[in-house]
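Below is one structure; the comments refer to it alone.
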């Protein structure tokens, strides 16, 4: 019988083995690349997790610091509410309060705030408030470009509109400072839009900011009917905490009248 000729030629099997080897190498490279991508994705995830954990820890520390400051302020308000007003010899009169500390005891507590004088919005008339005139006050110092102030002030406005008539012995006074005409929300249009129902003093020179010892915005100072500084705090306050402070100040003012 005549032997049939191989139609694929003598090199077909070696070529097939070469293709198989090449395919195996390609699979290995793909697998290696996939492992590399998985490794780096996991590494990036670990880095993000570590960064997030660090941010959470930092936020917890800030919240703990704020809660401690609020607790101290509330305790002092409660103590002042239940205690007789100190005599002049028991308080230090200060025109400018010391700058609010980043940590530790606030040395302004117990001092008497001196007269607060400035131009009132909207007429620009210079007026003066004597903190020792028998009215308990909550002073808030703010900047129109501050996002936390923009969150806080509408809350204060809402509380005031709903409760001012029932709290005649409490006055809320706002002081706007650190004015920046280049900011995206210029001061005067912002004031016109908000139409705050409580006094607004415009501190163009920064002197009132210095008088209160401001360290950040918004900045709160609470004074008793005799002008004694009962507490100070920097930063956004929870609505419930503000309402509690206002209630305590009203009670103090009522007792003093």
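Here are the numbers:
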item: Test: residue in segment 229-246 that is out of contact with any helix residue (DSSP H, G or I) (no Cβ under 8 Å at 6 or more places or on another chain) and in a helix (DSSP H, G or I); result: yes
item: Yes/no for residue 213 being out of contact with any strand residue (DSSP E or B) (no Cβ under 6 Å at 6 or more places or on another chain), touching a residue at least 12 places away in the same chain (Cβ under 8 Å), over 20 Å from residue 127 (Cβ atoms) and surrounded by 12 or more Cβ atoms within 10 Å (Cβ to Cβ); result: yes
item: Subset tally (residues that are touching a residue at least 60 places away in the same chain (Cβ under 8 Å), in contact with a strand residue (DSSP E or B) (Cβ under 9 Å, 6 or more places away or on another chain) and either within 17 Å of residue 217 (Cα to Cα) or outside any helix (DSSP H, G or I) (or both)) for segment 141-190; result: 11
item: So residue 222, is it in contact with a strand residue (DSSP E or B) (Cβ under 6 Å, 6 or more places away or on another chain), surrounded by fewer than 21 Cβ atoms within 10 Å (Cβ to Cβ), on the phi < 0 side of the Ramachandran plot and in contact (Cβ under 8 Å) with a residue 40 or more places away in the chain; result: no
item: Top-ranked residue in segment 105-126 [being assigned to a strand (DSSP E or B) and without any contact (Cβ under 8 Å) to a residue 24 or more places away in the chain; ranked as farthest from residue 188 (Cα to Cα)]; result: 117
item: Exclusive hit being within 21 Å of the chain's Cα centre (by Cα), at pLDDT 95 or above and on the phi > 0 side of the Ramachandran plot, set 216, 178; result: 178
item: Search result, residues across segment 192-210 that are surrounded by 17 or more Cβ atoms within 10 Å (Cβ to Cβ) and in a helix (DSSP H, G or I); result: 208, 209
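The values are calculated or read from the model by the stated rules, or taken from the named source; none is laboratory data. In this text the structure is predicted, and so the values were computed from the model without any measurement. FYI the Cβ positions are ideal-geometry reconstructions off the backbone, even for glycines, and counts take in every protein chain you see.
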